[in-house]
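J.: For reference, the structure I am asking about is given below.
The values are calculated or read from the model by the stated rules, or taken from the named source; none is laboratory data. Computed from a prediction, not measured in an experiment: that's the story for all the values here. Using ideal geometry, Cβ is built from the backbone for each residue, glycine included, and neighbour counts are taken over all protein chains shown.
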Amino acid sequence: MMLAYHHTEADARSAETVHYSRTAAEISECKFAFARAARFWGQAILALESRPGGGGELRLELIVRRLRALALDGKILQARAYRAAVVREFRESADPDLLGRLIVAVDVPMFGAGRLHGGRCEDVLRAIENVLKRLSEEDSELRVRLLTALALELHGES
């Protein structure tokens, strides 16, 4: 974790910063230190974004991990807002499997969280429908999780 800190302070754009921040985040998750993990995932994302090319699918993978850490830390509203912004950015261009994993990254057991911030997110609903259409028709864990995310997003609607 100290290496992640020092590399971020020395050169926040280096490949080593991405590597050590990812490693520190994974170690933090193993210790159930989800706030710290989210912070390290954020450092890795910023370092990757500052590099030429911005990271592409690796960036999305890191965002999935950060979303999950935020949700597990109880920051569900922050995670949902972050997810909505990322979904708007990648809704059409991302690999459907990766986009699906991004959508369901915040699916921690917390019914009613959607109502705390004023309702459903239309961008996320459209993205869920889009990914479901692009995935194969056979049942899969991701399809089930997306349908659950759809139910949670619509929870309380009549």
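J.: Within the stretch 66-112, which residues are among the β-branched types (Val, Ile, Thr) and either more than 13 Å from the chain's Cα centre (by Cα) or closer than 27 Å to residue 137 by Cβ (or both)?
T.: Here is the first cut: in the stretch 66-112, the residues among the β-branched types (Val, Ile, Thr) are 76, 86-87, 103-104, 106, 108.
Matches in the stretch 66-112: 86, 87, 103, 104, 106.
J.: What number goes with the only condition from (1) modelled with pLDDT of 85 or more; (2) buried (at least 19 other Cβ atoms within 10 Å of the Cβ); (3) out of contact with any Phe, Trp or Tyr (no Cβ under 7 Å at 6 or more places or on another chain) that residue 67 does not pass?
T.: Only one criterion is unmet by residue 67, namely (3).
J.: Now for a separate question. Which residues, taken from the stretch 58-100, are assigned to a helix (DSSP H, G or I), of a type in the set (D, E, K, R) and farther than 21 Å from residue 32 by Cβ?
T.: Initially, the stretch 58-100 is screened for residues assigned to a helix (DSSP H, G or I), giving 58-72, 76-90, 96-100.
Next, from what is left, pick out any that are of a type in the set (D, E, K, R): 59, 61, 65-66, 68, 80, 83, 88-89, 97.
Listed by number, the residues that qualify are 59, 61, 80, 83, 88, 89, 97.
J.: For the stretch 39-57, which residues satisfy the criterion of being closer than 23 Å to residue 97 by Cβ and assigned to a helix (DSSP H, G or I)?
T.: Of everything in the stretch 39-57, those that are closer than 23 Å to residue 97 by Cβ and assigned to a helix (DSSP H, G or I) turn out to be 41, 44, 45, 48, 49, 56, 57.
J.: Looking only at the stretch 134-158, count every residue that is modelled with pLDDT of 85 or more and either of a type in the set (S, T, N, Q) or farther than 19 Å from residue 122 by Cβ (or both) and tell me the total.
T.: Residues of the stretch 134-158 that are modelled with pLDDT of 85 or more, as a first pass: 134-135, 140-151.
Then drop every residue that is not either of a type in the set (S, T, N, Q) or farther than 19 Å from residue 122 by Cβ (or both), which leaves 135, 140-145, 148.
Of the residues in the stretch 134-158, 8 are modelled with pLDDT of 85 or more and either of a type in the set (S, T, N, Q) or farther than 19 Å from residue 122 by Cβ (or both).
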